[in-house]
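Report on the structure given below.
A short reminder: the numbers here are calculations on the coordinates, not readings from a lab. If you're wondering where the values come from, they're calculated on a predicted model, not measured in any experiment. Counting neighbours? That spans all protein chains shown, and the Cβs are built from the backbone with ideal geometry, glycine included.
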Amino acid sequence: MTTYPDEQVDIKFKAAWSVFAQTCGHFWAPEASYQAWFAHYLISQFGIDRVAREPKIHTKLFTSPLKARYKNGEAEPDAVITRRPGITMPHYANRLGKASDDSGLGLLKDLAVISELKIGATTQGSFKKDALFQDVDKLALLLDEFSREYPDSPAPLAYMCVLDNHNTKEFDYTELRAYCSASPGVQLLEGTAVARPPITPDRRITR
């Protein structure tokens, strides 16, 4: 149950995404910087005591058929929003506070949002389709397993956030749109930068 029963979580998250994409699309930096900037805009909407990054959830014991599509033994959503103020999400196997379900999946009961973030400018040759699909699979798996284990609890919203700002290659969203449409519960948020990170003719950065 959320502390704010009338909160427009979807509207607030998409507002943060829109401002982030418009403000930071022309920057050229490591992925961690984009993650920090996105978290900043999420905090501006939800508050610092509700925004966290990369909680670890153990997937090896999951029974969902979607597990076959996800190749990792752990799932770490890039950014999450809690339903209530306060962050309590240690590693699922932390001996000082081990998850009662041994996987950490129950954490999703406390989350209003789980999300993934992909940035075109952080890659040499723009997005790799398999990497994008794997992140969608991660979100879909978490939602499906959660619905099986906790059928009476509301699931978090799930967003696949993709910012197309590669210096030279424009991304075609067609296949990713179809993949997300076939992944129940996963919403694709698209961002396309009009002003992209500049490249000099000799491809050198002079300080």
Inset, instruction - Provide the per-residue ³J(HN,Hα) series for region 140-147, in order, calculated from phi with Karplus coefficients 6.51, -1.76, 1.60 and θ = phi - 60°, each as a whole number of Hz, with x at glycine and proline positions. - result: 5, 5, 4, 5, 5, 5, 4, 5
Inset, instruction - Search the structure for amide H atoms under 5 Å from the amide H of residue 111, placed 1.01 Å from N in the peptide plane, and list their residues when 5 or more places away or on another chain. - result: 83
Inset, instruction - Go through region 49-119 and name the trypsin sites (Lys or Arg not before Pro) that are in a DSSP coil and have 12 or fewer other Cβ atoms within 10 Å of their Cβ. - result: 60, 71, 95
Inset, instruction - Output ³J(HN,Hα) for region 117-122: one whole-Hz value per residue in order, computed from phi by the Karplus curve 6.51 cos²θ - 1.76 cosθ + 1.60 with θ = phi - 60°, and x for Gly and Pro. - result: 10, 10, 10, x, 6, 8
Legend entry - Dipole magnitude of the chain about its Cα centre (Cβ charges: Lys, Arg +1; Asp, Glu -1), debye to nearest 20: 520 debye
Inset, instruction - Please work out the C-alpha center-to-center distance from region 162-207 to region 67-146 and express it in whole Å. - result: 21 Å
Inset, instruction - State, as an integer percentage, the relative contact order of the chain based on alpha-carbon contacts under 8 Å between residues 6 or more apart. - result: 23 percent
Inset, instruction - Within region 134-206, list the trypsin sites (Lys or Arg not before Pro) lying in a DSSP loop whose Cβ has at most 12 other Cβ atoms in a 10 Å radius. - result: 203, 204
Inset, instruction - Holding the Cα-Cα limit at 25 Å, pick out from 12/118; 56/118; 14/118; 14/60; 14/129 the pairs that are longer than that. - result: 14/60
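Using the Cα atoms of region 9-192 to build a convex hull, what is its mean projected area in square nanometres?
That works out to 10.3 nm².
Region 130-207: D in µm²/s via Stokes-Einstein (Kirkwood Rh, Cα pairs, 10 °C, 1.306 mPa s)?
Working: Rh = 14.8 Å.
In µm²/s, the coefficient rounds to 107.
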Inset, instruction - Could you tell me how many degrees, from 0 to 90 and to the nearest 10, lie between the Cα long axis of helix 31-46 and the main elongation axis, the longest principal axis, of the Cα atoms of the chain? - result: 60 degrees
Legend entry - Scaled radius of gyration (Cα, divided by 2.2 N^0.38 Å) that region 51-121 gives: 1.15
